[in-house]
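What follows draws every value from the coordinates through simple rules; no lab data is involved. The shown structure was predicted, so the numbers you read here are calculated from the model rather than taken from an experiment. Every residue, glycine as well, gets a Cβ built from its backbone with ideal geometry; the counts of neighbours run over all protein chains shown.
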Amino acid sequence: MSVLINSSSKILCQGITGSQGTFHTDQCIEYGSNVVAGVTPGRGGQEHLGVPVFDSVREARENLEIDVSMIFVPAKFASEAVIAAIDAEIGLIVCITEGIPVQDMIAVKAKMQDSNSKLIGPNCPGIITPEESKVGIMPGFIHQKGSIGIISRSGTLTYEAVHQTTHYGLGQSTCIGIGGDPIKGLNFIDCLELFEADSDTKGIVMVGEIGGSDEEKAAMFIKDNISKPVVAYIAGVSAPPGKRMGHAGAIVTGKEGTASAKYEALNEAGVHTVDSLALIGKKMHSVLK
Amino acid sequence: MNLHEYQSKQIFLESGMPVLEGGVAISPDEALEVAKNLSTNIWAVKAQVHAGGRGKVGGVKITKDLDEVKGLAENMLGKKLITKQTDGDGLPINHVYIEAGTEIVAEYYFSLVIDRAQETWTFIASTEGGMDIEAVAEDTPEKIIKYSVDPSKGLCNDSLRSLANKLNFKSHLSDEFIDFSSKIFTLAKKIDANLIEVNPLIIDGDNHLMALDSKIAIEDNALFRQPELYKMRDPEQENKLEEKASNNDLSYVSLDGNIACMVNGAGLAMATMDLIKIHGGNPANFLDVGGGATTERVTAAFEIILENPNVKSILVNIFGGIVRCDVIADGIINAVRTSNISIPIIVRLEGTNVENGKLRLEESGLKIISANDLTDAAVKVVESVGL
């Protein structure tokens, strides 16, 4: 088992003919992901990377069975693309696009209220179940099938956590990059719940960062609902308040969103926190021993 | 992107929202001209900087003597204003806003923000107007009143009426408040604002609501569709290096330490700063070169880093995912050669083609210190500063 995706997941790529869409879809196919179709308005009927291209998500859905949509549509049009996938009732939508205006994400979230679709991202590396399926832009080769579930707000920090858990021979069940935007799809709690229920996952790594209060909420949730060991790292202890640190969501406003508040909440919930990024793998290794 | 008060008030005026008569000036003479044309006998001279807390540090002056306006403007223009929201250097005052004064019967705090926890717009109001709202929220949270708009239903007048009641707005003031709130909401959506703050919102001598101050922040990600607002950008209010970085598609934030960092990925860039701190050093900056760390971008990044005179050492931390480490190594080598860097550079590479990357650095003949892992990199860079 794994969470959300596995080797049989049928994947659609929205924006497949663009440069990003082409490059990364090709990499996904090479990794072994089951990409079945693409969507680019105006390019319907063509073939790209060996799969059929449709003008709309709806047409793709009418012709093929689709479990996951991976979105590489430019920021200007990305929220429309997500809404198209919601309308077509795609079960899992993974939006890689960075720079979507936050108001557009409010509209997306409103649309999701009456929908069963799950959204990962935007502004994220995607999701991977090692040696089965990769839906996103992460380097496949650093992953190894195993027992750690990884949830992260940051792309490169996910890779660090993956690299370290691979180094210690633990491997990963599934890694979910939930993204660096303030308004997004799945959050820590949704993913923790999935990993708790997954029999292949023995431990969970949570990589957070400054801004918002998702980590604090996750800490409360872990206390009452998660039996598996959780190792957490929060980036941005040294970040000054009021400054946006790259990610749109990584900003300390007033007293909210500081790394120390997040560490405090996590420690109180019995989470195994590490103050250095370099210690994530080592900590998980010793906790599971 | 932040707007100045004078720009925000112009937008308020155009949106039919109540603001006092006023005008902007860039010279003392112009300030006097503006003041003369206002139908008032009391004038406010307000320094235009992208920071709050102006009043407490002399950034807002009131006078009943028209002749004083020029002198007050002269004292502000060309100076820098340091408030508790700015850094130690302060922000340059290149514009002053001259506004008609008014009697203040009562002051309120009022704002509309994009609320990440509620994933929608939230109105925040308080009877504690003119105060530092974060302090109010901390000390007397019961005095903060909120209303989050359900995005699938839109703005609800009934909820605004309830908000008005909680602020004790009676009869026509309640109607004015609902009208004001609706206009702010429409405006925020139209201009992609993630914050519109009116602090204070006042009841004036004629018993009407009036926006005495106004602050608008436009969502950076939406600037592509707000060309008119983008023209209002004031680069003078931004950190020079941060601006240069953003023109090069780099994300850079100045800090006060002496160890510069160059990292791919925002999360890893923050984590690298944290590592330096843990090992006893002080980061000079946050810098994310992004996923496609090309030679051009790495070169631009080195240039920006080196413009900070405090920098004594550089830590380059790259996790090559899609980008190959050997390509990044070439970028670093080229950049070091062209920029003639004389201070220590510690490089930690990991990921795709890492062995090749390290080999290139080694064979380059440059004085680049290679680190084995994250901790090693942090230790080495902190040591290099200590020597």
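What is region B:239-386's relative contact order, in percent, from Cα pairs under 8 angstrom and six or more apart in sequence?
Details: 307 pairs, mean separation 35.2, N = 148.
Once normalised by length, the contact order is 24 percent.
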As straight-line cross-link partners of B:Lys84, the qualifying lysines (C-alpha separation under 19 Å, not fewer than 8 residues apart within one chain) are A:Lys243, A:Lys255, B:Lys46, B:Lys56, B:Lys61, B:Lys215
GNM of chain A, Cα pairs under 10 angstrom: of A:Glu160, A:Glu62, A:Glu256, the biggest fluctuation goes to A:Glu62
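Can you tell me how chain B classifies by the Cα gyration tensor, rounded, prolate or oblate, using a/c under 1.5 as the rounded cut?
On the way: a/c = 2.74, a/b = 1.95, b/c = 1.41.
Prolate shape, in that a/c is at least 1.5 and a/b is the bigger ratio.
Using helices alone, I'd like the mean residue ellipticity at 222 nm for chain A: each DSSP H run of four-plus residues gives -39500 (n - 2.57), total over residue count, nearest 500.
Numbers: 9 runs with 98 residues, N = 289.
So the calculated ellipticity at 222 nm is -10000 deg cm²/dmol.
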Once the in-chain neighbours fewer than 8 apart are removed, the lysines whose Cα is under 22 Å from A:Lys10 read A:Lys118, A:Lys134, A:Lys145
Rg (one decimal) and Dmax (whole number) from the Cα set of the protein assembly as shown, in Å, equal 26.6, 80
The simple spin-label model distance between B:Ala135 and A:Ser260, using points 7 Å out along Cα→Cβ, in nm, is 2.0
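Once you list every other residue whose beta carbon is under 11 Å from the beta carbon of B:Ile184, what net charge do they have if Lys and Arg are +1 and Asp and Glu are -1?
Numbers: positive: B:Lys183, B:Lys189, B:Lys190; negative: B:Asp179, B:Glu197.
Computed value for this residue: +1.
If I stretch the segment between A:Ser7 and A:Lys217 completely, what's the gain in nm (0.36 nm per residue apart, minus their alpha carbon distance), one decimal?
Numbers: separation 210, 0.36 × 210 = 75.60 nm, distance 3.21 nm.
So the chain would gain 72.4 nm between A:Ser7 and A:Lys217.
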Taking a crude spin-label model, label points 7 Å out from Cα along the C-beta direction, the B:Ser339 to B:Asn372 distance in nm is 2.8
